[in-house]
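Only one structure is covered here, and it is reproduced in the block below.
The values are calculated or read from the model by the stated rules, or taken from the named source; none is laboratory data. What you see is a predicted model; the values in this text were computed from it and never measured. Cβ coordinates were reconstructed from backbone atoms using ideal geometry, including for glycine residues, and neighbour counts include every protein chain displayed. In case anyone asks, the SASA skips ligands and DNA or RNA and just uses the protein heavy atoms, side chains included. Shrake-Rupley method; radii C 1.70, N 1.55, O 1.52, S 1.80 Å.
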Amino acid sequence: MYRSHSCGELRASHITQEVTLSGWVQKSRDKGFMIWVDLRDRYGITQLIFDEERTPTTIFEKAKTLGREFVIQVTGEVIERASKNSNMPTGDIEILVTKLTVLNASLLPPFTIEDETDGGEDIRMKYRYLDIRRNPVKDSLIFRHKVTMEVRKYLSEQEFIEVETPYLIKSTPEGARDFVVPSRMNEGQFYALPQSPQTFKQLLMVGGMDKYFQIVKCFRDEDLRADRQPEFTQIDCEMAFVEQEDILNVFEGLTRHLLKEIKGIDIEKFPRMTFDHAMKTYGNDKPDIRFGMEFGELNDVAQHKEFNVFNSAELVVGIAVPGGASYTRKEIDKLIDWVRRPQVGALGMVYVKCNEDGSFKSSVDKFYDQDDLAKWAEKTGAKAGDLICVLSGNTNKVRAQLSALRMELAERLNLRNPSEFAPLWVMDFPLLELDEETGHYHAMHHPFTSPKPGQLELLDTNPGDVKANAYDLVLNGNEIGGGSIRIHDKEMQAIMFKHLGFTEDEAKAQFGFLMDAFQYGAPPHGGLAFGLDRLVAILGGQETIRDFIAFPKNNSGRDVMIDAPAPIDDEQLKELSIKLDIQA
Ligand code: ASP
């Protein structure tokens, strides 16, 4: 028996008991005649005491050799501590050690295994197994486990069945590049790793499994933005014989359950917002509604004056920054520099200070009088003491820029409170999205999403205006889930593929199996998928998903611990009939 108790378990009530503990040496304090060792395991820390007078000499001597992260086993008596530590659950007791076994020595760890470590991100990732011994990472993994257990519990109670789907498949387009795996047995042919189990879950619906879920890895070969992983986990769900309303209700229920069980927060009904409204009001399809600063469009009141920058703009739009009228000239200049950074891309910014006395002072006083500016204040909801920031230009670009500014200012003003939760549904997404570079339309969600009823005719004339039965669940400015009601009819799916630029043959080659299945009694169906990593991070009050993933990849998609990806040897390449042609 390695242990009778864990290192987090013993209390005053155990005093006089003989116990055996195993764990890692957190630290050791050698006072010459007395040695204290903090012994750590997943459950906590227990103090061990070795006393020259009371501990057998051989054991006392051995205790002197213990280094950080040695794995040891001790037996001894639980005794009352002379100086208690009320900050530690086990702080009332210590173990007077009578038996000590070193189970394994340890090299000195390359960073301290403390909550606040001296190790930077890179070194912690290289030695992730040591990092996992630290409370913040360990607790995040345990937290993730709790969330997934609650998901499984809730969905199972609603009669959902967890079904595994294959990883070695054929492309499932979710808008990213596929990771591919060469097939040795099928020379020159490749599997694609699933960007999601989308087509399989639809086939499960055809198979009659009318409530499916899976906590599943998905793989997308995308350029990695901060906090994105090439492999990530979804809570993937699909239901048959449902309308959009049914789906929203079930998964609002799941989210409500998680907020209640994990955070103790009751949220009655999630607000719903159309995509168009979200874009107009927040410049963003995943608005953070924990704070206001809603967009006020100013075309009516700012154009047709002498100010040509605005006159020639497609959209003039502003937000009111609470308390911003007190910003100094220098601070405002800095804000202007911020919106002009290439990452944001605005050409400039017009501002209006709403003075406490009700007057206005703007950077465009030459063109606008006090009455004009009062109208701007009204449209943006600015009050005395606020600063109105105004951007102008191409509608989509300007919305994105002002949205970036809104989020940045909210961050600076501490309006993005991580312990507050504001979920909402964003719905009625466009079916298609124009790729500005190629001039082609592609599916905004994925090619299996159904258009709203009665909008089919628009596909030929105004494809960009067609709305889809598609919805996203947004939490605190993050898309945590998204889905749609699917096409379940072969003809409709064929029309869709055609509009997405597939020839009949291409569609057949890539998705023939799905179109075939639709001929054998496909029920109406729909679903959605949550991004589990992000959901867990947000529930855990963190922005970064890495700490909630045991073995994450870095920003270049590398696992620096196992050093992957890596070359394979010539023999393997030969077996796969692959010749490399790497350009320098
Ligand atoms: N497969 C979709 C995705 O990964 C989710 C869905 O439509 O259910 O975004």
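Summary table below
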read-out: Amide H contacts under 5 Å for Y441, placed H, 5+ residues apart; value: D435
read-out: The chain: relative contact order as a whole-number percent, Cα under 8 Å and 6+ apart; value: 13
read-out: Region 1-160, accessible area per residue, ligands and nucleic acids excluded (1.4 Å, Å²); value: 53
read-out: Lys, Arg +1 and Asp, Glu -1 on Cβ, resulting dipole of region 218-296 about Cα centre, debye, nearest 20; value: 380
read-out: Modelled label reach - R416, point 7 Å along Cα→Cβ, region 335-353 residues with backbone N closer than 15 Å; value: 344
read-out: Cross-link pairs beyond the 30 Å C-alpha cut-off, checked among K397/K490; K286/K553; K126/K217; K330/K553; value: K397/K490; K330/K553
read-out: Theoretical gain in end-to-end length, F190 to R29 [0.36 nm per residue, Cα-Cα removed]; value: 52.1 nm
read-out: Pairwise label distance in nanometres, E437 with A384, each label 7 Å out on the Cα-Cβ vector; value: 5.2
read-out: Distant-in-sequence amide H partners of G541 (H built 1.01 Å from N, under 5 Å); value: none
read-out: Added length on full extension, which subtracts the Cα-Cα distance from 0.36 nm per residue, F111 to E543; value: 153.1 nm
read-out: Packing rank of 361-369, 33-41, 220-228, where each peptide gets the mean count of other beta carbons within 10 Å, highest leading; value: 33-41, 361-369, 220-228
read-out: Reach of K361 by Cα under 13 Å, taken over aspartates and glutamates that are not fewer than 8 positions away in the same chain; value: D369, D371, D372, D386
read-out: Ranked packing of 231-237, 5-11, most packed first, by mean Cβ within 10 Å; value: 231-237, 5-11
read-out: Charge dipole (debye, nearest 20) of region 92-131; +1 at Cβ of Lys and Arg, -1 at Cβ of Asp and Glu; value: 400
read-out: Sequence-separation-based contact order of region 429-584, relative, with Cα cut under 8 Å and 6+ spacing, percent; value: 16
read-out: Whole-percent carbon and sulfur share, accessible surface of region 531-584, 1.4 Å; value: 53
read-out: Other-chain or far-sequence residues with amide H under 5 Å of Y43's (modelled H); value: C7, G8
read-out: Options V181, Q195, V242, ranked by Cα towards positive dipole end of region 173-250, top entry (Cβ charges); value: V181
read-out: Charge dipole (the chain, unit charges on Cβ, about Cα centre) - positive-most of V466, L96, A494; value: L96
read-out: Pairwise FRET efficiency - K84 versus N394, Cβ, R0 = 60 Å, nearest 0.05; value: 0.35
read-out: ³J(HN,Hα), Karplus 6.51/-1.76/1.60, whole Hz, each residue of region 18-35, x for Gly, Pro; value: 8, 10, 10, 10, 10, x, 9, 6, 6, 6, 9, 10, 9, 9, x, 8, 9, 10
read-out: Unit charges on C-beta of K, R, D, E only; dipole of the chain, Debye; value: 1500
read-out: Derived scalar couplings ³J(HN,Hα) [region 280-295; Karplus, 6.51 cos²θ - 1.76 cosθ + 1.60; whole Hz; x for Gly, Pro]; value: 5, 8, 10, x, 7, 8, 9, x, 8, 9, 6, 9, x, 6, 6, 5
read-out: Heavy-atom accessible area per residue - region 363-423, 1.4 Å, Å²; value: 46
read-out: FRET efficiency for I215 and Q303, using Cβ-Cβ distance with R0 set to 56 Å, rounded to 0.05; value: 0.60
read-out: 3J(HN,Hα) from dihedral phi, region 466-481, Karplus parametrisation 6.51/-1.76/1.60, rounded to Hz, x for glycine, proline; value: 5, 9, 10, 7, 10, 8, 10, 9, 10, 9, 6, x, 10, 7, 9, x
read-out: Carbon and sulfur %, accessible surface of region 437-515 computed with the full protein complex present, 1.4 Å; value: 51
read-out: Pairwise FRET efficiency - D460 versus S156, Cβ, R0 = 35 Å, nearest 0.05; value: 0.20
read-out: Full-extension gain in nm, S363 to S556, via 0.36 nm per residue minus C-alpha separation; value: 65.2 nm
read-out: Sequence ranges 146-154, 564-572, ranked by mean other-Cβ count within 10 angstrom, highest first; value: 146-154, 564-572
read-out: Protein accessible area in region 189-322, 1.4 Å probe - carbon and sulfur %; value: 47
